[in-house]
Structures are given as structure tokens and as C-alpha cells.
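S.K.: One structure, as C-alpha cells, below. Some questions next.
The values are calculated or read from the model by the stated rules, or taken from the named source; none is laboratory data. Remember, predicted model here, so these are calculated numbers, not experimental data. All Cβ positions, even for glycine, are placed from backbone atoms using ideal geometry, and neighbour counts span all protein chains on display. Surface areas here come from the heavy atoms of the whole protein model, side chains and all, with no ligands, DNA or RNA. Shrake-Rupley method; radii C 1.70, N 1.55, O 1.52, S 1.80 Å.
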Amino acid sequence: MKRLFPLLFACLPLMATAQDEKDDNTDPRYLTGAVTYSTDGKVEFTHEIKAPSLPKDQLFTLLKDWAEKRFQPNGKTVSKVVYANAAEGDIAVAAEEYIVFNSSALSLDRTRIYYQLLLHADDGTCRLTMTRIRYWYDENRDGGQRYTAEEWIGDDMALNKKKTKLAPICGKFRKGTVNLKDNLFQSAATALGQQLLSQQNTPQATAPAAVSTPAAAAPATVVTPATTTVPALPLQPATPLNASTELQEVSLAQLPANLGETAANGRMTLTADNGEEIDLKADNWGGFGQLFNKNVAYLLLAQSRIAANALLAQSDTYKISFYTAGHTQPSVVVECKKAMSQKMTADDLKSLNVQTDSTQTYTMYMGEVSRTLMR
């Protein structure tokens with residue numbers, strides 16, 4: 001796998017969510033439980049994004065930047081950020097866009113959808129709420145028809161009597177809304193990861209790139225937010241690892257630059273905070289970078305690596321250990337505090353020149369480096 005870390009992936013505007021009429025209308029994603037409600041009976045979708053190491057003010061800034069780029073007037077629809085309060089961590093968006101049900105040279109079946117998106121940032125977490133959803137359908141024919149989500153996409157209207165299939169008319173609104181919601185929340189999570197990692201996508205001209213790279217890959221880019229200048233860590237020459245001495249704490253800059261080769265030729269393991277250990281592959285290693293003046297380490301795991309993903313999901317801290325060939329004791333140990341995780345598709349990674357299995361989905365883990373040890 002060709003590696004290029006820290007990762008940068010695009011947050012593309014979702015101006016329309018297209019539907020394929022051939023889609024299976026019995027997909028459980030759209031059936032009972034797909035539409036959720038607030039305590040006052042309004043259709044409302046919520047989503048939480050966790051970034052344990054990031055404080056409220058930084059998350060607020062990143063979310064506001066994403067929202068201002070994602071929601072803009074385009075000549076046909078008007079979407080914009082209408083409220084932002086940094087002290088409270090609150091952002092409100094008034095959104096208007098199209099859901100396209102079917103498009104051909106002869107016809108265009110779509111609805112205009114209006115909704116409110118509320119974003120709330122707190123220390124280590126942010127919450128997204130999509131609410132006040134309304135539709136304007138067939139607007140070019142006698143003024144069209146207007147509906148609220150409560151009267152149009154609930155189970156009674158949008159599902160058949162047995163609740164096993166989408167209804168012909170209301171069902172397409174329900175499916176389109178659920179897809180838009182999923183894409184919207186994924187866009188926010190993806191953009192948050194993008195902005196955290198790639199406000200600057202090139203290393204500074206006066207300094208080399210990050211301290212460690214996998215074999216046969218470009219050096220990892222040192223990443224900083226747009227308003228902060230963080231000097232790159234100097235690239236250290238490849239240092240022979242001596243597995244015969246005791247582990248000693250060293251600075252990150254003292255680690256060798258060939259950890260990717262060490263993992264490829266020897267062994268690399270992941271140890272959870274409960275002591276459970278699992279082997280990783282060399283191409284799971286992504287290298288080092290900087291994030292908000294903190295050193296971070298990157299791992300990329302396919303979702304099929306169930307045990308490894310479960311281990312990271314359940315751990316607040318973990319260790320990455322590198323073993324030289326023929327040794328049973330680690331030569332380098334990187335201790336991390338989990339900062340953030342981000343799901344990525346093979347297409348996301350392909351756009352970064354990272355070659356992956358097109359049938360797989362992946363999760364990128366960022367860990368704040370708390371301690372580094374070397375023999």
C-alpha cells in the first residue's frame with residue numbers, strides 16, 4: 001500500500017442527493033426506526049462526533065469553517081450560517097437544497113428541501129442536529145405542493161401497512177431525506193478530519209517533513225491549522241535499533257526514520273490500555289505529524305480488521321510497538337492517547353494516491369503521542 005500521511009481528503013458540497021429508482025425499497029435503513037423524533041414530536045436527526053483530545057474552542061472553529069464552506073447560496077438555493085456563538089459553542093445553519101429522485105434528458109423529478117442544522121461544540125465532542133424539515137415538491141407546476149417531514153415521511157405515510165417496504169410516493173421522500181442526513185453527517189465528520197489534518201498540506205520550505213515515514217513512501221506532512229505556524233520536526237537519519245538494551249524514554253525527534261521498514265521486516269503490535277495485544281501490518285503505520293502543536297501518530301485499519309478496530313474503539317490510550325527482525329522485545333514503543341478516528345472509503349484514499357483494496361472501508365486513527373521509548 002502506498003502511504004501518504006497525514007491524510008487529506010476532500011469535503012465536497014452535497015448540493016443534491018440523487019436516488020436510483022432501482023434501489024431496493026425494502027432496505028432496512030429506510031424502514032422502522034429510520035426516522036427519529038424530538039421530545040415534542042418533530043422529525044429530528046442527531047449525530048455525535050467524538051474528538052477526545054480537542055477542546056471546545058478548536059472544535060467550534062473547525063465546525064464553523066466547515067459549515068461556512070458547505071452552506072452557501074448558489075443562485076438556485078440559499079443556504080448559510082445564520083448564527084455562531086463561540087462562547088456557547090453553538091452554530092445554526094438555515095439550509096435549502098435539492099433532493100433529486102430521478103433525472104433524465106426528458107424529465108427531472110426532485111424536491112426542494114429546507115431544514116435547520118444545529119451544531120454544538122464541547123470539549124472533546126460535537127453534536128449535530130438536523131430539524132425543522134420541510135419540502136416544496138413540483139414547484140414549477142401550479143406552485144407545487146408543500147409538506148412537513150412530520151406529515152410526509154413518518155412510518156404511517158412512507159411505509160406500507162406491514163412496515164416492510166417504502167410506499168411509492170412518500171417513500172422516496174423518506175429515502176432521500178435519510179440519505180441526505182447520512183451524507184450530511186458524514187460530510188461533517190470527514191471535513192472535521194480534513195481540517196484537523198490538512199490546513200496546511202505542504203511542509204514549510206525551511207524545514208524537512210515529519211520524523212518518520214513508511215518504506216517507499218513520501219515523508220509525512222507536518223499539518224497545522226490555518227492560523228498557526230508549527231515548525232516541522234527534523235528528519236532523523238536511520239538509526240540501527242539495539243534490542244539488547246533497556247527501553248529508555250527519548251524525544252520524538254530522536255526516533256529513527258525507518259520505522260516503516262522496521263515494521264515491514266520485523267513486527268509491529270498494538271497494545272490496548274487493558275494490556276491486550278494484537279499484531280498489525282506494516283501498511284497500517286502512517287507516520288507522525290503535528291496537530292495543534294501536539295505530536296500525533298497515524299494508523300489506518302481496514303474495517304475487516306475487526307479485532308484491531310474493536311481494541312482501538314474501546315481504548316483511550318494505547319501503545320504501538322516496533323520489533324526488529326529476530327527479536328522478541330520491542331525496539332521502539334510509541335505511547336498514544338486517542339485523539340480522533342475517521343472512517344474512509346477506498347476512493348477517499350485513492351484520491352490521496354494511497355493504494356487500497358477497493359472492496360474495503362477503512363478507519364484512520366489519530367493518537368496524541370504521550371511518550372516515546374527506544375532501546
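S.K.: Using each residue's phi in region 170-184, evaluate 6.51 cos²θ - 1.76 cosθ + 1.60 at θ = phi - 60° and report the 3J(HN,Hα) Karplus result to the nearest Hz, with x for Gly and Pro.
M.R.: 4, x, 6, 5, 4, 4, x, 5, 5, 5, 4, 4, 4, 5, 5
S.K.: Please list 252-259, 274-281 highest first by mean number of surrounding beta-carbon atoms within 10 Å per residue.
M.R.: 252-259, 274-281
S.K.: Name the residues whose placed amide hydrogens come within less than 5 Å of the amide hydrogen of Leu291, ignoring near sequence neighbours (fewer than 5 apart) on the same chain.
M.R.: Here the answer is Val296, since their amide H atoms fall under 5 Å of that of Leu291.
S.K.: A follow-up question, please. Among Ile49, Leu108, Ala86, whose Cα sits farthest toward the positive end of the charge dipole of region 41-120 (+1 at Cβ of Lys/Arg, -1 at Cβ of Asp/Glu, about the Cα centre)?
M.R.: Leu108
S.K.: Sticking with this one: Would you pull out the residues with amide H under 5 Å of Lys165's amide H, same chain only if 5 or more places away, H placed 1.01 Å from N?
M.R.: Asn160
S.K.: Using a 1.4 angstrom probe, figure out how much accessible area region 251-375 has per residue, in square angstrom, rounded to the nearest whole.
M.R.: Here the per-residue accessible area is 41 Å².
S.K.: Using a cut-off of 19 Å between alpha-carbon atoms, which lysines can reach Lys319, once sequence neighbours fewer than 8 places away in the same chain are excluded?
M.R.: Lys281, Lys294, Lys337, Lys338
S.K.: 5 Å is the cut-off here: which amide hydrogens, built 1.01 Å from N in the peptide plane, fall below it relative to Asp273, excluding neighbours closer than 5 in sequence?
M.R.: Counting only residues 5 or more places away or on other chains, the set is Asp316, Thr317.
S.K.: Would you please name the trypsin sites (Lys or Arg not before Pro) within region 66-141 that are DSSP coil residues with at most 10 other C-beta atoms within 10 Å of their C-beta?
M.R.: Qualifying residues, ordered by number: Lys76, Arg141.
S.K.: Quote the charge dipole size of region 290-375 about the Cα centre in Debye, to the nearest 20; the model charges only the Cβ of Lys and Arg (+1) and of Asp and Glu (-1).
M.R.: 260
S.K.: P(r) of region 73-119 in 10 Å steps, Cα pairs, percent per bin?
M.R.: Percent of Cα pairs in each bin: 23, 38, 24, 11, 4, 0.
S.K.: With θ set to phi - 60° and the Karplus curve 6.51 cos²θ - 1.76 cosθ + 1.60, what are the ³J(HN,Hα) couplings of region 312-329 in order, to the nearest whole Hz, using x for Gly and Pro?
M.R.: Values per residue, Gly and Pro as x: 6, 4, 9, 10, 8, 10, 7, 10, 10, 10, 10, 10, 6, 4, x, 10, 9, 10 Hz.
S.K.: Once you have a ≥ b ≥ c as the square roots of the Cα gyration tensor eigenvalues for region 258-299, tell me rounded if a/c is under 1.5, and otherwise prolate or oblate according to whether a/b is larger than b/c.
M.R.: The shape class here is oblate.
S.K.: If you don't mind, another one. Is the C-alpha gyration tensor of region 67-205 telling us rounded, prolate or oblate? Criteria: a/c under 1.5 is rounded; beyond that, a/b larger than b/c is prolate, otherwise oblate.
M.R.: Since a/c reaches 1.5 and a/b is larger than b/c, the shape of region 67-205 is classed as prolate.
S.K.: Can I ask one more? Using the Kirkwood radius over Cα pairs, work out the Stokes-Einstein diffusion coefficient for region 324-375 at 25 °C and 0.890 mPa s, in µm²/s as a whole number.
M.R.: 181
S.K.: With +1 on each Lys and Arg Cβ and -1 on each Asp and Glu Cβ, how big is the dipole of region 59-197 about its Cα centre, in debye rounded to the nearest 20?
M.R.: Computed charge dipole of region 59-197: roughly 580 debye.
S.K.: Here's another thing I want to ask about it. If the cut-off is 19 Å between C-alpha atoms, which lysines fall inside it for Lys69, apart from same-chain ones fewer than 8 positions away?
M.R.: Qualifying lysines at Cα under 19 Å: Lys80, Lys181.
S.K.: Let me ask something else about it. Send over the Kirkwood Rh of region 279-350, from the inverse of the averaged 1/r over different Cα pairs, rounded to one decimal Å.
M.R.: 13.8
S.K.: I would also like to ask the following. Set the Förster radius R0 to 56 Å, insert the Cβ-Cβ distance between Val100 and Asn265 as r into 1/(1 + (r/R0)^6), and round the FRET efficiency to 0.05.
M.R.: Once the sixth-power term is evaluated, E becomes 0.65.
S.K.: Quick check on region 252-375: take the gyration tensor over C-alpha atoms, sort the square-rooted eigenvalues as a ≥ b ≥ c, and tell me if it's rounded (a/c under 1.5), prolate or oblate.
M.R.: Judged from the Cα gyration tensor, region 252-375 comes out rounded (a/c under 1.5).
S.K.: While we're on this one: For region 36-104, what relative contact order do you get, as a whole percent, if you take Cα pairs closer than 8 Å and at least 6 residues apart?
M.R.: Once normalised by length, the contact order is 21 percent.
S.K.: Over 10 Å intervals from 0, what percent of Cα-Cα pairs in region 21-140 sits in each interval?
M.R.: All Cα pairs considered, the percentages come to 12, 33, 34, 18, 4, 0.
S.K.: Can you tell me the accessible area per residue over region 55-136, all protein chains present, probe 1.4 angstrom, in square angstrom?
M.R.: Averaged over the residues of region 55-136, the accessible area is 47 Å².
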